[in-house]
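Presented below is the structure to which this report refers.
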């Protein structure tokens, strides 16, 4: 923080952010130009992060959808599954299909609305 009180600066991971969005605050505090973060560069960084989050949500939503579809097929066709000497009940596949389908819908909805 600045001692003068006219401008407030935040240092995070070696970069300096102006908390009151004053473009001259970094210059007044004599912050080197290489450490300044402008509103434009911050918006560009935020856009890149959001694009990465949307891609992650699309991929995870599709993967959860594939797992939900596999569980649904297993439940409808009554395919027997055994883990070691234990048999997995078909009702567990219904629960898994509902849970993974819900996670898929949630991820895809967030990705499509851009609220990530």
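Here are the numbers for this structure:
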read-out	value
Cβ-Cβ under 8 Å pairs, at least 6 apart or on other chains, region 83-96 side assigned by TED's automatic domain parsing to the domain that holds residue 73 and in contact (Cβ under 8 Å) with a residue 12 or more places away in the chain, far side surrounded by fewer than 10 Cβ atoms within 10 Å (Cβ to Cβ) and not in a helix (DSSP H, G or I)	90/78
Among the residues listed as 59, 95, 66, the single one being in a helix (DSSP H, G or I) and over 30 Å from residue 48 (Cα atoms)	95
Residue list for region 69-92, restricted to those being in a strand (DSSP E or B) and surrounded by 12 or more Cβ atoms within 10 Å (Cβ to Cβ)	81, 88
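The values are calculated or read from the model by the stated rules, or taken from the named source; none is laboratory data. Because the structure is a prediction, the values reported are computed rather than measured. Neighbour counts run over all protein chains shown; Cβ positions are idealised from the backbone, glycine included.
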